[in-house]
Amino acid sequence: MGNLQGRRIVLGVTGGIAAYKAIDVCRRLVDAGAHVAPILTKGALRFVGAATFDALASERVQTSLWDEEHPIPHTRLGQGADAIVVCPATARLLADYRSGRSGDLLTATLLATRAPVIVCPAMHTEMWEQPAVQENVQVLAARGVEIVGPDEGRLAGGDIGAGRLAEPEVIVAAVERVLTGGGHDLEGRTVLVTAGGTREPICPVRYLGNRSSGKQGHALAAEAAARGAKVLCVSTVPERAPRAPGIEVIAVETAAEMATAVGQLAPGADYVFMAAAVADFRPVDVAGQKIKKADGPPEIRLEPTTDILAELGRTRTPGQVIVGFAAETSDLRQNAAAKLAAKGADLIVANDVSAPDTGFEHDTNAVLLLDAEGGEAMVPLTGKRQIARAVLDAAIDIRHRRRAGNGVDS
Ligand code: CTP
């Protein structure tokens with residue numbers, strides 16, 4: 001059985017000379033067991049024939065938003081995909097995808113998916129090195145899009161330089177890695193993730209909240225599911241949570257609701273990631289009616305909430321790995337080390353939320369990982385999905401080390 005058995009992959013092909021190599025990629029994906037649905041752009045059709053893909057892929061080539069059997073082909077393809085691979089990706093495709101334009105079936109499908117996307121650029125060196133193209137690639141990478149290649153080598157017209165499509169086997173390996181996390185190393189494990197900022201009501205229309213977007217927690221949920229885990233995602237922003245097989249989303253709003261949900265679910269979890277920004281205090285009294293301006297500035301008395309992470313540290317089940325997050329604006333290492341000890345966590349993921357491009361609402365992050373055994377690692381600025389990968393690797397490592405220490409096979 002291939003590594004991609006039963007996985008649904010949309011293979012997007014755009015108009016570049018490297019389009020002929022997409023034929024090999026298509027064949028290799030099918031050989032690995034994937035169900036491949038090809039989309040060719042008008043430009044691609046000038047380089048390769050639809051009949052070739054019709055013969056090799058798992059379903060017929062689609063080329064347009066309008067002429068297909070299904071009335072809304074982009075949502076059928078986008079929603080049904082486990083991954084989308086664009087190979088080759090022209091400068092036009094990169095620009096359209098970066099800016100959210102949906103002028104053809106492929107770009108519309110890219111917008112209509114929550115599946116991971118792998119983009120394989122190929123173009124002449126001068127085009128590839130254009131600041132506009134480079135910026136588009138960086139923005140896409142920061143959003144979690146996997147960029148594969150390009151390589152250096154022979155280009156069309158006898159030129160040599162950067163811009164050559166990555167080798168088909170490298171592209172297929174990237175698809176496997178994205179879909180299986182380099183192996184289903186969380187198969188059979190249950191992962192509990194919290195995401196988003198809690199909202200503590202003041203009155204029916206107002207609340208005390210924070211700037212957490214839930215993006216890092218949701219990236220962890222998506223990555224853990226891709227690696228085979230059963231994921232329980234307790235989120236204050238469930239509408240933004242990833243929808244994927246294996247992810248159950250539990251909607252909560254307040255710190256108390258989150259504490260209850262986590263309290264119920266944690267005993268069954270092998271890993272707990274407290275990525276949510278939980279309010280430390282909540283209003284003592286919640287007004288039953290909207291507080292009116294005419295009544296003057298209200299005085300809001302606050303009381304502490306439960307520290308969920310500290311509670312998890314106290315009530316942990318044997319073998320469970322507990323991961324906390326620390327959002328800091330100063331003395332990152334010192335504050336994170338103090339939280340690690342105070343809360344009884346196995347790992348703290350610390351980020352400086354005042355640094356540019358990191359923390360709340362951004363698509364990128366840079367973190368310091370501190371573990372309870374004194375281990376320390378920096379993950380420099382990258383997409384939140386890539387941060388999620390590093391955090392999961394570190395947590396899995398802790399579990400393996402602990403079990404090896406106890407003489408148990410992991
Ligand atoms: N946390 C929690 N319950 C709370 C507050 C925080 O479980 N009531 C968790 C967060 O999910 C995070 C970690 O504790 O994983 C650290 O959160 P943070 O807000 O950085 O730390 P605090 O303990 O609130 O300390 P401070 O606000 O003073 O920095």
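Observations on the model:
- Of all residue pairs spaced 6 or more apart or on separate chains, those with beta-carbon atoms under 8 Å, a first member in the range 267-292 that is of a type in the set (Gly, Ala, Ser) and a second member that is more than 16 Å from the ligand (Cβ to nearest atom) are 268/190; 269/190; 287/202; 287/203; 287/204; 287/298; 288/203; 288/204.
- Search result, residues across the range 214-252 that are more than 27 Å from residue 180 (Cβ to Cβ) and either assigned by TED's automatic domain parsing to the domain that holds residue 115 or at pLDDT below 95 (or both): 239
- Residues in the range 372-396 that are among the charged types (D, E, K, R) and under 19 Å from the mean Cα position of the chain (by Cα) were compared, and the one that is surrounded by the fewest Cβ atoms within 10 Å (Cβ to Cβ) is 393.
- Residue that is at pLDDT 95 or above, within 16 Å of the ligand (Cβ to nearest atom) and polar (S, T, N, Q), where the choices are 351, 335, 365: 335
- Residue in the range 12-19 that is more than 27 Å from residue 155 (Cα to Cα) and in contact with a strand residue (DSSP E or B) (Cβ under 9 Å, 6 or more places away or on another chain) present: no
- From the options 69, 135, 126, residue that is modelled with pLDDT under 90, of a type outside the set (Lys, Arg) and out of contact with any Cys (no Cβ under 8 Å at 6 or more places or on another chain): 69
- Of all residues in the range 122-143, none satisfies being assigned to a strand (DSSP E or B), closer than 21 Å to residue 12 by Cβ and not β-branched (Val, Ile, Thr).
- The range 217-332 holds strands (runs of 3 or more DSSP E) entirely within its bounds, and those carrying 2 or more residues that are within 30 Å of residue 403 (Cα to Cα) and within 10 Å of the ligand (Cβ to nearest atom) map to 271-274, 321-328.
- Hits in the range 381-391 - residues which are among the aliphatic types (A, V, I, L, M) and either over 25 Å from residue 196 (Cα atoms) or modelled with pLDDT of 85 or more (or both): 387, 388, 390, 391
- Residue match in the range 321-334 (condition: touching a residue at least 60 places away in the same chain (Cβ under 8 Å) and farther than 22 Å from residue 209 by Cβ): yes
For (1) within 26 Å of residue 117 (Cα to Cα); (2) at pLDDT 85 or above, each residue gets a yes or a no:
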| position | (1), (2) |
| --- | --- |
| 379 | yes, yes |
| 393 | yes, yes |
| 400 | no, yes |
| 408 | no, no |
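The values are calculated or read from the model by the stated rules, or taken from the named source; none is laboratory data. As the structure is a prediction and not an experimental result, all values here were calculated from the model. Note: ideal-geometry Cβ built from the backbone for every residue, glycine included; neighbour counts use all protein chains shown.
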